[in-house]
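Visitor: Would you mind keeping the following structure in view while I ask a few things?
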Amino acid sequence: IIKLIFDLYLSGNGTREIVQILHDKGIKTPAQYSGKKQYLKGNDYFQRSFIQKILHSQVYTGAVVSHTTSKVSYKIKKCVRIPRENWIVVEDMHEPIISKEQFNEVQELMKKRTSTRTRKHDHLLKGIIKCGKCRWNHDN
């Protein structure tokens, strides 16, 4: 599945199209494989954020990545993200699923496709309106 996701992205598909292709092929999500209902969010689709997480993860190249977050204090649970250049990455710790070249190509493509959105004003009801089905905040 990981190879398929990377191949689909390199062939020009976006995360939305990849989600649809995986669904059309009948590929189960990890939550469906586990069979535990508490992990299912009411649908059987992969989430776009999950596909993005897979595409960003160096683990599939055989590396082990650690020290990506740090606790603010031992007294509280809040964590902060550590800059990518300070992460601890140990290469060739396990058999890679994808090549480093393929991973780097995907990272370059993602940089090209990503655009930042600038708003001139916030919507009056931002953060107040929630989806009736999934309870997700609508921030637009």
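The values are calculated or read from the model by the stated rules, or taken from the named source; none is laboratory data. Keep in mind it's a predicted model, so treat the numbers as computed, not measured. Every residue, glycine among them, receives a Cβ derived from its backbone with ideal geometry; neighbour counts consider all protein chains shown. Note: areas computed on protein heavy atoms with side chains; ligands, DNA, RNA excluded. Shrake-Rupley method; radii C 1.70, N 1.55, O 1.52, S 1.80 Å.
Visitor: In nm, give the distance between the simple-model label positions of Ile82 and His67, each being 7 Å from the Cα along the Cα-to-Cβ direction.
Guide: Placing both labels 7 Å beyond Cα along the Cβ direction yields 0.5 nm.
Visitor: Further question on the same structure: Under 17 Å from a point placed 7 Å out from the Cα of Ser34 along the Cα-to-Cβ direction: which residues of the stretch 45-78 have their backbone N that close?
Guide: 45-51, 53-54
Visitor: Right, another one. Mind ranking Thr29, Thr114, Thr69 by accessible surface for me, highest first, 1.4 Å probe?
Guide: Details: Thr29 15, Thr114 100, Thr69 65 Å².
Largest accessible area first, the residues go Thr114, Thr69, Thr29.
Visitor: If you don't mind, there's one more thing I want to ask. Would you be so kind as to identify which of Ser34, Cys79, His56 lies farthest towards the positive end of the dipole of the stretch 1-113, taking Lys and Arg as +1 and Asp and Glu as -1 on Cβ and the Cα centre as origin?
Guide: Farthest along the dipole direction, towards plus: Cys79.
Visitor: Let me ask something else. Roughly what would the spin-label model give for Ile129 and Lys75, points 7 Å off Cα along C-beta, in nm?
Guide: Label-label distance for Ile129 and Lys75, simple model: 4.1 nm.
Visitor: Arrange the residues Arg84, Arg135 by how much accessible surface each exposes, largest first, with a 1.4 angstrom probe.
Guide: Sorted descending by solvent-accessible area, the residues read Arg135, Arg84.
Visitor: With every protein chain left in place and a probe of 1.4 Å, what is the accessible surface of Asp92, to the nearest 10 Å²?
Guide: Estimated to the nearest 10 Å², Asp92 gives 110 Å².
Visitor: Report the accessible area of His67, computed with a 1.4 Å probe over the heavy atoms of all protein chains in place, in Å² rounded to the nearest 10.
Guide: 90
Visitor: For Arg48, Arg81, give me the order by solvent-accessible area with a 1.4 Å probe, most accessible first, ignoring ligands, DNA and RNA.
Guide: Descending order: Arg81, Arg48.
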